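Here the structure comes first, spelled out in structure tokens, and everything after it is commentary.
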Amino acid sequence: MEFCPECGAMLLPKDGILKCNSCGHEKNLADNNDYEVSEEIQESDNVKMLGEDVDVGPVTNETCPECGHDKATYKLLQTRSADEAPTRIFTCTKCKHTWRAYD
Ligand SMILES: [Zn+2]
Ligand SMILES: [Zn+2]
């Protein structure tokens, strides 16, 4: 017995496919893959490419305040006064959110 991945209702066979009477979701009987993985793979590929790019700066274990991802690249921004600590600009490797941190 198969259940709808969208709403959990029972799927009924109809014209060679399984169809959900509740939400209209259709499932091909020949296709036993429950998950569409193409999007997830694309996303992790992007992250890997970013990490190999020398222009984005070193990767550090900083948690993004926007999405909670724990990897970010950073650059140091030297302020005019030598007494002040340089400002670090973090860029989330996942959502590209940028934020500042002071030492
Ligand atoms: Zn359904
Ligand atoms: Zn983020």
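The values are calculated or read from the model by the stated rules, or taken from the named source; none is laboratory data. All values derive from a computational prediction rather than experimental measurement. Glycine also receives a Cβ, built like all others from the backbone with ideal geometry; neighbour counts cover every protein chain displayed.
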Kindly establish whether Leu76 is modelled with pLDDT under 90 and assigned to a strand (DSSP E or B).
-> yes
Matching option when the condition is at positive phi and modelled with pLDDT under 90, among Gly8, Gly51, Gly24, Gly16 = Gly16
Among all residue pairs at least 6 apart or on different chains, which show Cβ distances below 6 Å where the first residue, located in the stretch 58-85, is closer than 13 Å to Lys96 by Cβ and among the charged types (D, E, K, R) and the second is more than 16 Å from ligand 1 (Cβ to nearest atom) and modelled with pLDDT under 90?
-> none
